[in-house]
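Trainee: For reference, the structure I am asking about is given below.
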Amino acid sequence: MRKRLGLGLLILCLAFSLALRQARAQNEAKTKSDRAKSADVIVEGELVTLDVPNLRAILKTEEGPKTVQMAKAIAVVGPRGGKLEHGLKDKELNPGAIVRLTTPPGGRLARELKVLAAKQPTGTKPLSAELREYSYTASAKVTAGGRILSAEFSDHVRATNQKEAVRLAREEVMAGISEEYPGWKVVDDSLKIEVNEVAVLPATSASLTRLRLTLACQHVFTKEGETQLTIPGLPPILKADDELIDSFTVRVWVKTDGKEEKLGGDIRTLGRGNPGEGYLYFTPWQGELLAGETLRSIEVRVEQKNPVGDDFKEVGAFRVVLRNVDDKLQVDWQSIDHAKVVGPSRAGPLYSTRFKLDGNGSTYSAVVHVDNEGEVRAEFARKDAELKKKLAAVPPNVKVMSGAAEAEIEGPGGQRRKIGVGRTFVIADKEEPARAVIKKTLPSVRNVVYAKDELTAKSELNQLFQQSFASENVIAGTLKITLVPKKGWAVGDSLNEFYEKNPPANPK
């Protein structure tokens, strides 16, 4: 009886001990769970992607890639604990940086991003390798109601290469014709565009300011022939033929804050010389224009050498006044002598205006371009990011495509050069949703047209090319027609990379 009682007590003690251990384990598990709920969630690793507009970061961690959603008011801290001035757009947040994202207890969005070790970008190209400056000139004949008028344009565009510059210039010219000659049509084969690279934007200070000048001559001087035979009291009986002079020597005086510099060159009257002879390009001034500095005043005087003598006569003069206000360029154009602003001036960051100079019986056009490099970079980046965001929201049944039709022609001396046209197409089965995308997503993009499918878009590009270059000697087999998804504002329309990866077939 005693043995049985002892065994019962032993079994009871073992059962009690087991229950006690289970209770302790449950309490410890509950404590750990409570601690986990009350502790920050920390993700550390190498930054792979930082999607600022959508507040999303992808990190490479020891457990593999992790995506962390961030709060709109996230605190961004540098390696030394200080707050980064530019937040998520700070230069230290490059792919490859080691970062730590912290999410508060019970939260779903990270409230702090700390840079543990920054990594500077390697192998990146400066702006000068991407965006180049091109000046263009264009002439065309427009017709309406049986009348035909001549139209001339000159300005500048920024593009990644020559063919993109031609496309952008053509778009600007066609838009200009629509604005200045509403209801008029361009006469077939009359539109001629010449594009020349002027300069490459240097990868220097963001406060670098440039002023560029493009001169075009628009008159012909007639030198009367000498009298060979006369009879007293009668008009000349024999007279040498008159001589047309269409080549002139031009002198440009540039006075900057009291210091004067002389520039110059020879120029041919528009339409009477070889390509490139009808324009003179100058950079009257470039330098640092810092915020808070006094006004920078640049005075430009244009003179032409007397075709029948050695003296110079003034054609016109104007003044450009520059200032930097809060890192934004402000430009004031002022006429001095025989200089009149023609048409509306373009505002920043790509400021430009056109003067008509008509002193001493000569007629010149002077196109003046001014820009601030930092402002240009910021504006293109802003437009690119804005358009990319809009393009991402386009309905799936609508496609936005950049199209180009390009070919080679044989120029003087057998040299080949490329010509082309471009359009932005909104493609959809039904026109109504496409028009909605054009109005909402692409209001500031020029030459946007609707097409029901890609085949129609390519056909329109082909037709546009044939109309634009009907008089050109296109080299057989070089015409290429391409459609690619539109990626963004400035560089996104370039088709070079696509051509290399996807050689297009020649249209039949």
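Trainee: If each residue of separation counts as 0.36 nm, what is the full-extension length gain between L109 and K439 once their alpha-carbon separation is subtracted?
Mentor: Numbers: separation 330, 0.36 × 330 = 118.80 nm, distance 3.49 nm.
Contour length minus the Cα-Cα distance gives 115.3 nm.
Trainee: By its C-alpha gyration tensor, with a ≥ b ≥ c as the square roots of the eigenvalues, how is the stretch 330-379 shaped: rounded for a/c under 1.5, else prolate for a/b larger than b/c, else oblate?
Mentor: On the way: a/c = 3.27, a/b = 2.95, b/c = 1.11.
Verdict is prolate for the stretch 330-379.
Trainee: Report the calculated FRET efficiency for Q467 and D40 (r = Cβ-Cβ distance, R0 = 41 Å), to the nearest 0.05.
Mentor: 0.05
Trainee: Shape call for the stretch 293-422 from the C-alpha gyration tensor, a ≥ b ≥ c root eigenvalues: rounded (a/c under 1.5), prolate (a/b greater than b/c) or oblate?
Mentor: Numbers: a/c = 3.13, a/b = 1.41, b/c = 2.22.
Note, shape of the stretch 293-422 comes out oblate.
Trainee: Starting from the residue with the highest accessible area, list W285, W184 in decreasing order, probe 1.4 Å. Don't skip to the end; give the middle numbers.
Mentor: Values: W285 35, W184 60 Å².
From most exposed to least exposed: W184, W285.
Trainee: Just report the Cα centroid separation between the stretch 413-482 and the stretch 47-94, whole Å.
Mentor: 41 Å
Trainee: Give me the distance in nm between label points sitting 7 Å out from Cα along the Cα-to-Cβ direction at V449 and K192, one decimal.
Mentor: About 2.5 nm, to one decimal.
Trainee: Loop-only trypsin sites (Lys or Arg not before Pro) in the stretch 354-440, please: DSSP not H, G, I, E or B, and at most 16 other Cβ atoms within 10 Å.
Mentor: On the way: sites: R354, K356, R377, R382, K383, K388, K389, K390, K399, R416, R417, K418, R423, K430, R435, K439, K440; in loops: K430.
Hits after loop and neighbour filter: K430.
Trainee: Could I ask something else about it? Under a plain spin-label model, where a point goes 7 Å from the Cα along Cα-to-Cβ, how far apart in nm are A392 and E224?
Mentor: 7.3 nm
The values are calculated or read from the model by the stated rules, or taken from the named source; none is laboratory data. Predicted model, so just to flag it, every value in this text is computed and none were measured. A quick note on method: Cβ atoms are made from the backbone with ideal geometry, for glycine too, and the neighbour counts reach across all protein chains shown. Heavy atoms of the whole protein, side chains included, go into the accessibility calculation; ligands, DNA and RNA do not. Shrake-Rupley method; radii C 1.70, N 1.55, O 1.52, S 1.80 Å.
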